[in-house]
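The values are calculated or read from the model by the stated rules, or taken from the named source; none is laboratory data. None of these values were measured; they are calculated from a predicted model. Neighbour counts are summed over all protein chains in view; Cβ atoms, including those assigned to glycine, are modelled from backbone coordinates with ideal geometry. The accessibility values were calculated without ligands, DNA or RNA, using every heavy atom of the protein model including side chains. Shrake-Rupley method; radii C 1.70, N 1.55, O 1.52, S 1.80 Å.
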Amino acid sequence: GSYITSQFISDTACFGDTTHFTNTSTPIDSIATIEWYLDTTLLSTDLNPAIVLPDSGEHQIRLIQTSNGGCQSDTTLPVYISPVAQPGFMFHEACTGVEHQFTDTTKLVESDTIASYLWQFGDTNTSNDQNPVHIYADTGVYNVSLTVFNSFGCSSSNSEQIHVADTFEAPEII
């Protein structure tokens, strides 16, 4: 029978996203069976599977293939799944025309680091600061969102509503 050299490549995915595996084995046309494993768990029998792995970190993925002639070949390679932070923030009730402080309370996962921040204040204004200050011009309820991005480009968002009231002005004493 013919011998197969098992090889594959994969993209680096974010936790919760699909990892795409590309079988680069040779000769590819003589493969009879394909099995992709994480530890002892069979993940797929597809040529080029798309799989959501169960958690972040490095995983050892094993590809076992059998040729039409019965020869078996396998390889195990590391696949990295980037963790995703849990964004959060603190704020206090706001009034129009007054500086309002937003405080980042993002919880990092494992050794994750935040590469950038995107705040959307619900009034078309944005900021890339970690702990921005914002002034609302009008009263109302605004949907504020914080999106954090790590060094792998993985992102996660959190949104909360904020109520903006009229600024209290003390009556003028005559």
Failed item, numbered, when Gly97 is tested on (1) open to solvent by 30 Å² or more (accessible area, probe 1.4 Å); (2) touching a residue at least 24 places away in the same chain (Cβ under 8 Å); (3) in a strand (DSSP E or B): (3)
query: If a residue has to be more than 16 Å from Thr75 (Cα to Cα), out of contact with any Cys (no Cβ under 8 Å at 6 or more places or on another chain) and either modelled with pLDDT under 85 or of a type outside the set (Asp, Glu) (or both) to count, how many in the range 1-43 make the cut?
result: 9
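When you check Ser82 against the structure, is it of a type in the set (Ser, Thr, Tyr) and touching a helix residue (DSSP H, G or I) at 6+ places or on another chain (Cβ under 8 Å), yes or no?
On the way: of a type in the set (Ser, Thr, Tyr): yes; touching a helix residue (DSSP H, G or I) at 6+ places or on another chain (Cβ under 8 Å): no.
The answer is no for Ser82.
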statement: In the range 121-153, residues that are in contact with a His (Cβ under 8 Å, 6 or more places away or on another chain), in a loop (DSSP other than H, G, I, E, B) and in contact (Cβ under 8 Å) with a residue 24 or more places away in the chain total 1
statement: Those residues of the range 154-169 that are more than 25 Å from Thr113 (Cβ to Cβ) and either in contact with a strand residue (DSSP E or B) (Cβ under 9 Å, 6 or more places away or on another chain) or not in a loop (DSSP other than H, G, I, E, B) (or both) come to a total of 8
